[in-house]
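*Asks:* The structure that follows is given in the form of structure tokens.
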Ligand code: CU1
């Protein structure tokens, strides 16, 4: 019977040390402040940081889904033209949001894209959408061509990610 107690004691000890605080696997983007650039003289339509450039083309629909099959954007990959917009809609499993990696978008896109994202919580981080049918629209007006990688902050660990390619 002695051996039994030794085993039990070590199990308890292991359990006590085991479940350490899990580190938040931060997909936290390095908070790159938008570069300070002088306001363009003459109020050119060029992308001054913070100035939203409107959608002039097509608006594409992307669903934000969380169900028994997992968390995902549908479609997760999309090819659009500069000047198009993307409308994200909560279909199931909220809260969701849209966050772009500051280092996984074309060079020079941070300021323009940031200006085109309403109600950001942090650089290139859209607000939490809490309810079914909530929508969030991002304009790609004025954004340079290339690939834009994004994710859902609450569900990054569940691989809820997507890619928008601007032609
Ligand atoms: Cu999500």
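The values are calculated or read from the model by the stated rules, or taken from the named source; none is laboratory data. Please read these numbers as outputs of a predicted model, since none were measured by experiment. Cβ: placed from backbone, ideal geometry, glycine included. Neighbour counts: every protein chain shown.
*Asks:* Take segment 95-105 and flag every residue that is more than 16 Å from the ligand (Cβ to nearest atom) and free of Cβ contacts under 8 Å to residues at least 60 places away in the same chain.
*Replies:* Listed by number, the residues that qualify are 104, 105.
*Asks:* When you scan segment 113-142, how many residues do you find that are touching a strand residue (DSSP E or B) at 6+ places or on another chain (Cβ under 7 Å), part of a loop (DSSP other than H, G, I, E, B) and surrounded by 16 or more Cβ atoms within 10 Å (Cβ to Cβ)?
*Replies:* 5
*Asks:* Kindly indicate whether any position in segment 157-165 is touching a residue at least 12 places away in the same chain (Cβ under 8 Å) and in a helix (DSSP H, G or I).
*Replies:* Yes, some residue in segment 157-165 is touching a residue at least 12 places away in the same chain (Cβ under 8 Å) and in a helix (DSSP H, G or I).
*Asks:* Okay, next question. Mind listing just one residue for me: the one in segment 148-165 that is more than 14 Å from the ligand (Cβ to nearest atom) and crowded, with 21+ Cβ neighbours inside 10 Å and, of those, farthest from residue 73 (Cα to Cα)?
*Replies:* 148
*Asks:* OK, next. Tell me which residues, restricted to segment 62-87, are more than 16 Å from the chain's Cα centre (by Cα), assigned to a strand (DSSP E or B) and over 20 Å from residue 117 (Cα atoms).
*Replies:* 67, 70
*Asks:* A further question follows. Is it the case that residue 145 is in contact with a strand residue (DSSP E or B) (Cβ under 7 Å, 6 or more places away or on another chain), touching a residue at least 12 places away in the same chain (Cβ under 8 Å) and surrounded by fewer than 22 Cβ atoms within 10 Å (Cβ to Cβ)?
*Replies:* Taking the combined requirement at face value, the residue satisfies it.
*Asks:* Being within 16 Å of the ligand (Cβ to nearest atom) and modelled with pLDDT of 95 or more narrows it down to one of 139, 92, 81, so name that one.
*Replies:* Sole residue among the options that is within 16 Å of the ligand (Cβ to nearest atom) and modelled with pLDDT of 95 or more: 92.
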